[in-house]
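The values are calculated or read from the model by the stated rules, or taken from the named source; none is laboratory data. Just so it is clear, the model here is predicted, and its values are computed rather than measured. With ideal geometry, Cβ positions are generated from the backbone for all residues, glycine too; neighbour counts draw on all protein chains shown.
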Amino acid sequence: MALPPRVFFTLHETAARWGCTIADIAGWVCDGKLDILTGISAVTCGADRVSGRVIISPMDILPMFRRCGTGPTVANLMRIKPAAAEDWVYITEPHDGVAVSIADMQITGPDVLRFEDEHDLLRRVGGGAGSVSPYDWEGMYLTVIRRVHEKGLPTTQSEFIAELQEWFAGAAQNGEVPDESTIRRRLRPIWKALRGDS
């Protein structure tokens, strides 16, 4: 059985995945294309107590995102947005805010996949020509061709992905099975082309 999709990616993982810097990611966050999250213990924000998952603004801790890499790795947050809230709130206790490390900043898995879809990052994520993958992608493509030739397309892309996960589980000699999101990125252009989607 394959593992479920990733729930979070760290900023460093995401930057390595996309071949960019964390400063680039911070810029896209400021432009409204992504959210950066972290988790905090309970703090006081005026009359309210806030804890758990919160959204942060890179502009509030801008020195951490220097392109030259000389910025601090820890900064104090004074403003946060609780995950379900519409507006930013200010931390009133502790008075100096909450320390956050760049290593604790995350982007949700669905946000990463959506961004990759919107900006056609399949080739970059796949590693390009000459990269070595632990997964048998050629075998998967042959399985896709055989499946479509013999049985046609499944009703949904999710059903197709589930079939391919089962194929990988049975075919992997080294025990390496890609997660659902990785298979989806490889299958999506084929799925769209076969369905005639623009």
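Here are ILE25, ILE61, ILE107: which of them is outside the structural domain of LEU187 (by TED's automatic domain parsing) and farther than 27 Å from SER181 by Cα?
Result of the check over ILE25, ILE61, ILE107: ILE61.
Which one is nearest to ASP111 (Cα to Cα) among residues in the range 152-177 that are in a loop (DSSP other than H, G, I, E, B) and at pLDDT below 85?
Filtering first and then ranking leaves VAL177.
Looking only at the range 143-165, which residues are on the phi < 0 side of the Ramachandran plot and either in contact with a Gly (Cβ under 8 Å, 6 or more places away or on another chain) or loosely packed, with under 10 Cβ neighbours inside 10 Å (or both)?
Hits for the range 143-165 are HIS149, GLU150, LYS151, THR155.
Just to verify a result, which residue in the range 31-53, among those that are exposed (fewer than 11 other Cβ atoms within 10 Å of the Cβ) and of a type in the set (D, E, K, R), is farthest from GLU116 (Cα to Cα)?
In this case the residue turns out to be ARG49.
Six or more apart or on different chains, Cβ atoms under 9 Å: show the pairs whose first residue is in the range 24-41 and more than 14 Å from PHE9 (Cβ to Cβ) and whose second is of a type in the set (Lys, Arg) and in a loop (DSSP other than H, G, I, E, B).
ASP24/ARG67; GLY27/LYS33
So which residues in the range 1-19 are under 14 Å from the mean Cα position of the chain (by Cα) and hydrophobic (A, V, I, L, M, F, W, C), if there are any at all?
Those that are under 14 Å from the mean Cα position of the chain (by Cα) and hydrophobic (A, V, I, L, M, F, W, C): VAL7, PHE8, PHE9, LEU11, ALA15, ALA16, TRP18.
With the requirement that a residue be surrounded by 13 or more Cβ atoms within 10 Å (Cβ to Cβ) and outside any helix (DSSP H, G or I), what does the range 10-30 give you?
Once the filter is applied, which keeps residues that are surrounded by 13 or more Cβ atoms within 10 Å (Cβ to Cβ) and outside any helix (DSSP H, G or I), the range 10-30 yields THR10, CYS20, THR21.
Of the conditions (1) assigned to a strand (DSSP E or B); (2) exposed (fewer than 14 other Cβ atoms within 10 Å of the Cβ); (3) aliphatic (A, V, I, L, M), LEU3 satisfies every one except a single condition; which number is it?
Of the numbered conditions (1) assigned to a strand (DSSP E or B); (2) exposed (fewer than 14 other Cβ atoms within 10 Å of the Cβ); (3) aliphatic (A, V, I, L, M), the odd one out for LEU3 is (1).
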